[in-house]
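Here's the structure, in structure tokens; my notes come after.
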Amino acid sequence: IYQCDWSSDVCSSDLKKSIMKPHFTKKQSKPEQNFIGFLEKSSNDVVWWYKNGESERKYFAIKYKDNKKVLRGFYIDFVVLTEDGKIGLFDTKAGRTAEDSKQKAEALAEYIKEQNKKHGKKLWGGIVVPKNDSFRYNEKEKYQFNEANLGEDWDFLSFK
């Protein structure tokens, strides 16, 4: 699926549901690659998805305060439109990055809540982690992560 120019660390691919045609990206993490495979399944109701960029004003970011209370931008990984018209905002994590995502996850949950209150229930999403050949996501206002026991705070992610 991917063709990469490793000297510049840029990859292109022909992905059917990516809103960008062709899809160009920097080299992606394993969770991001696996999540794209999940989004591309023909059996789900994903209409299109967008891989957001990082660290530039032209990309979508949510304001959050880091653990030192410094205001920053959280550049979520994916925006997803489903057949029912809902828009999902997801950020893929694994292991340590999932553990360190409390401030980002809670800011994302608050953003979704505020936008849904203003504009009707169209947004959903959260932090996404791979788990036993599936994906789980956390959309709770109070975020916690325990890789050994995701518990009731983590729902199975499905696009059906």
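The values are calculated or read from the model by the stated rules, or taken from the named source; none is laboratory data. On a predicted model such as this, the values are computed, not experimentally measured, just so you know. Cβ coordinates were reconstructed from backbone atoms using ideal geometry, including for glycine residues, and neighbour counts include every protein chain displayed. Heavy atoms of the whole protein, side chains included, go into the accessibility calculation; ligands, DNA and RNA do not. Shrake-Rupley method; radii C 1.70, N 1.55, O 1.52, S 1.80 Å.
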What 222 nm value per residue comes from the helices of the chain, counting each DSSP H run with n ≥ 4 as -39,500 (n - 2.57) and dividing by all residues, nearest 500 deg cm²/dmol?
-6000 deg cm²/dmol
Counting only protein chains, not ligands or nucleic acids, how are Arg57, Arg96, Arg136 ordered by accessible area (probe 1.4 Å), most first?
Arg57, Arg96, Arg136
Cα long-axis angle, helix 30-39 against the chain (0 to 90 degrees, to the nearest 10):
80 degrees
Taking a ≥ b ≥ c as the square roots of the eigenvalues of the Cα gyration tensor, with a/c under 1.5 meaning rounded and otherwise prolate when a/b exceeds b/c and oblate if not, segment 39-147 is oblate
Report the FRET efficiency, 1/(1 + (r/R0)^6), for Ser158 and Ile19, where r is their Cβ-Cβ distance and R0 is 22 Å, rounded to 0.05.
0.60
Taking H as built 1.01 Å from N, whose amide H comes closer than 5 Å to the amide H of Leu123, not counting residues under 5 places away?
Ile87
Give me the distance in nm between label points sitting 7 Å out from Cα along the Cα-to-Cβ direction at Ile87 and Asp133, one decimal.
3.5 nm
